[in-house]
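Every number here is computed from the coordinates shown, using simple stated rules; none is lab data. Please read these numbers as outputs of a predicted model, since none were measured by experiment. FYI the Cβ positions are ideal-geometry reconstructions off the backbone, even for glycines, and counts take in every protein chain you see.
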Amino acid sequence: MADVKLAAETRTEFGKGAARRIRRENKVPAVVYGHGADPVHITLPGHELQLALRKSNVLLTLDVEGKSELAIPKAIQRDAIKGFLVHVDLLTVKRGEKVTVEVYVHTEGELAPGAFLLEHVLSTLTVEAEATHIPESVTVSIAGLEAGASISAKDIPLPEGTTLVIDEDAVVLQVLAAQAEEPTEDAAADEAAEV
């Protein structure tokens, strides 16, 4: 799990105009909340935050006016066209505290020979883990699986200290037989005309 340190500044201006001014300075408006405390409105350095958010479930150490605070991203808003960060909601966490997050499911290995397709029914798993030991992803082997095979949540190995939050019988991956498309009447007529 990645731990990234960012310098944060508290902000007192709110609204669209203030947010636009902040983004013009290559900063991102954000809010930090959690543990029953009042929300704290901050600005974060845009480039550093963008790099940090490339890793899923990143743990951020925020330096807010000399006070260090741990937080994880809870909601990230991006511009729909250009993709830059518009706003970030951060949830404060403490060392040893359990948090519920989603981790990506990665596969390794090759399906059995033949015309098989792998369907990702769920691309993420909802798990509970200690705030400073959140896994970035989980990996499951699909080696040799054939049509009709499926992998449920309980079959995916989780790192120590991580537990499933979703139904353990939920299907995560399944293998399907590729289906050939039946020729249409027009295609059959064309083939007969060629003979």
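Would you work out the charge dipole size for the chain about its Cα centre, treating the Cβ of every Lys and Arg as +1 and the Cβ of every Asp and Glu as -1, and quote it to the nearest 20 debye? Spell out each step's value before the answer.
Working: 18 positive and 32 negative charges, 407 e Å.
Here the size comes out at about 1960 debye.
In the structure shown, the pairs LYS27/LYS55; LYS5/LYS94; LYS55/LYS154 are assessed against 21 Å; a Cα-Cα span above that value is assigned to LYS55/LYS154. With coordinates expressed along the principal axes, the C-alpha atoms belonging to the range 1-94 extend over 34, 28, 21 Å, beginning with the largest. Enter the angle in degrees (range 0 to 90, nearest 10) between the Cα long axis of helix 185-194 and the first principal axis of the Cα atoms of the chain, meaning the one along which they spread out most. It is inclined by approximately 50 degrees.
Hydrodynamic estimate: the Kirkwood radius of the chain over Cα pairs, inserted into Stokes-Einstein at 25 °C and 0.890 mPa s, corresponds to D of 122 µm²/s. Between exposed trypsin sites (Lys or Arg not before Pro) in the chain, where DSSP calls loop and at most 11 other Cβ atoms lie within 10 Å, what's the longest gap? Counting only loop sites that pass the neighbour cut-off, the longest clear stretch is 96-195.
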